[in-house]
Amino acid sequence: MTAAPKPTGKRSPGITSYTTNFQGVKSRQLLIFATLITVILNFVPYAEFLLYPIRLFVTFVHESGHALAAIATGGDVMSVRINPDGSGLTITRQSPFWAWLTLSGGYLGTAIFGAVLLLVGTRNRANAGRITLLVMGVFLLLIAPLWGWRDGFTLITGLGLGAVLLAMAKFLPLKGADFAATFLAVQCSLNALLDLKILIHLTAMGSAHNDAASMQQHYGLPAIFWAVTWGLMAAGVLAVSLRFYWRATQDRGAIMRA
């Protein structure tokens, strides 16, 4: 009886080996599924009531973008307010020189936040979704009393959303946590673009109560210029993040090694 040859760890010439990035395939499937759910919900009657908590979450992200930009440029955050209709207001105190960054921090900050969530989904870690939900939950629990204590709705909403995110991080299975984080990434990214579409419409109609109108007051250029500029920049952020996401999670099956 002839003994089977022992493996030597070397590949024979001309033999092709194939590896598959299963984590990448899973990540892309989650992204596609989350996007499909988002699109479908746009055609479901009264779906806005189902998405209402997410609408408030996105507004928190938007207003936090203003607040963090003010702090990064040496300013102070006086208050953050989230309204029941999904709008918000952040009051800061800072040098007029940095007003452009603070005012841009809302819409662009939401787009960047969504892009970061997408890129976190490319990490080859089994608990990436849970960690993402945990970090977002802790952040909301911190900023709600710090910046939103003057308004009851803002405080209760921030604490409630933060608690829900922590509960999801703790109790959801790994796949459920990954999907929840991906779904929030899609919602933030698409809402950033949809909100900018609304902003462009408002500025074209002459509305004076928005971030673009404030930019016009500070720098003279028309509000529609700022709205369109932010829209193009947000679209660019989304396009770049999707490209990196797809490349980072692409199937590596057909890697040939001699």
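Note on L142 and L194: with the Förster distance fixed at 30 Å, the Cβ-Cβ geometry gives a FRET efficiency of about 0.60. A crude spin-label estimate for the pair E48 and H209, with each label 7 Å from Cα along the Cβ direction, gives 1.7 nm.
With the simple model of a label 7 Å out from the Cα in the direction of the Cβ, F244 to I37 spans 2.5 nm. In this label model, S95 and W149 are separated by 2.9 nm, measuring between points 7 Å along each Cα→Cβ vector. Between Q29 and N83, the FRET efficiency from the beta-carbon distance, with R0 = 35 Å, is close to 0.45.
Amide H contacts for G88 (H built 1.01 Å from N in the peptide plane; partners 5 or more residues away or on another chain; cut-off under 5 Å): N83.
Read-outs: derived from the displayed coordinates by stated rules, not from any lab. Source: prediction; values computed, not measured. Glycine gets a Cβ as well: all are built from the backbone with ideal geometry, and neighbour counts include every protein chain shown.
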